[in-house]
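Student: One structure follows; several queries about it will come next.
Every number here is computed from the coordinates shown, using simple stated rules; none is lab data. Keep in mind that what you see is a predicted model, and the values were worked out from it rather than measured. Neighbour counts are summed over all protein chains in view; Cβ atoms, including those assigned to glycine, are modelled from backbone coordinates with ideal geometry.
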Amino acid sequence: MIENAHTNALLICDVRKKIEALPDSLQRAWKNEPEALQIPVVAPGRDLLVLDKGKRSSTKKGFSSAEGQARLLHDLANIELQAMELCYRSYIEYPQAPQEFREQMADLALAESKHLELCLNQLELLGFKWGDWPVYLSLWKAVSVEDSLLDRLLIVHRYLEASGLDAGVSLLKKLAQAKAPGLEKVVRKITEEEVGHVAFGSYWYQKICKQQKLDPDQDFKNRMLNLSAQLPKRFEVIDFEIRKKAGFTDLEIQAAREIQSRF
């Protein structure tokens, strides 16, 4: 336990301390300790500038430069940080979910923290640091306290993370042409492991649908349509092969493509 620190990783601002506090936060939340169950009213703790949606930061440089590689790593770190926090949030917001589900969600939060560390470490190897650029909170803002468990599974794992898989496939193709072995190694490891994170969402989504006597394929399409207004828009080409590996059915992939075309 970190001395003089919050017992809830969501409330900590320093990114390294947030990672360090996560295992203890998860244990305390499992024991239902009040502070560990707090969800920030506005946003999770941050130790750098956060931009509002719609504002644009400086133009990004290409991957041939150290700055361009660092900027991408900074963006990836921001994504992995929010993914970690969203897993923790789901862990504490759905206490009635099956114990196996909650245990796996805790494991996912820890895995996302490892991805975040990878990005931060490689960023520093390039001579840059967390906070050199501002960040957004669009992933965190995509969820709501009103989400059902199926809503949350769709939003976080079957939309945001699945879109990240699509983007990872595309990014690896670009990095194959760039001389950025450290960056490519980080992106490849994250993309490969995120397949399992999305598969977690697919498994539980389909399982809970069946428990509630819902057709998973039809529910996925209907729920995507109903939630589309709160989802940040993603325009990456949907990759059939990697989504199949992550547990998507053909009909779900078709529905995702149809709905994306309306954005």
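Student: Under the rule of at least 5 residues apart or a separate chain, name every residue whose amide H is placed under 5 Å from the amide H of VAL50.
Tutor: VAL135
Student: Can you give the helix-only mean residue ellipticity at 222 nm for the chain, where every DSSP H stretch with n ≥ 4 adds -39500 (n - 2.57) and the sum goes over all residues, rounded to the nearest 500 deg cm²/dmol?
Tutor: After summing the helix terms and dividing by residue count, I get -19000 deg cm²/dmol.
Student: Hey, got a sec? Which chymotrypsin sites (Phe, Trp or Tyr not before Pro) in the range 164-239 land in a DSSP loop and have at most 13 other Cβ atoms within 10 Å?
Tutor: PHE235
Student: Which ³J(HN,Hα) values, rounded to whole Hz and listed in residue order, are derived for the range 165-177 from phi using the Karplus coefficients 6.51, -1.76 and 1.60 in 6.51 cos²θ - 1.76 cosθ + 1.60 with θ = phi - 60°, glycine and proline given as x?
Tutor: Result, ordered by residue: 4, 4, 5, x, 4, 5, 5, 5, 5, 5, 5, 4, 9 Hz.
Student: Where the only charges are on Cβ atoms (+1 Lys, Arg; -1 Asp, Glu), what is the dipole of the chain about its Cα centre, to the nearest 20 debye?
Tutor: Value, rounded to 20: 780 debye.
Student: Let me ask something additional. Beyond 24 Å between alpha-carbons counts as too far, so tell me which of LYS53/LYS207; LYS31/LYS141; LYS129/LYS179; LYS185/LYS245 fall in that bin. Numbers along the way, then the final one.
Tutor: Values: LYS53/LYS207 35 Å; LYS31/LYS141 27 Å; LYS129/LYS179 21 Å; LYS185/LYS245 20 Å.
Over 24 Å apart, Cα to Cα: LYS53/LYS207; LYS31/LYS141.
Student: Let me ask something additional. Using Cα springs under 10 Å in a Gaussian network model of the chain, which residue among VAL135, VAL169, VAL42 shows the largest mean-square fluctuation?
Tutor: In this elastic network of the chain, the residue with the biggest mean-square fluctuation among VAL135, VAL169, VAL42 is VAL42.
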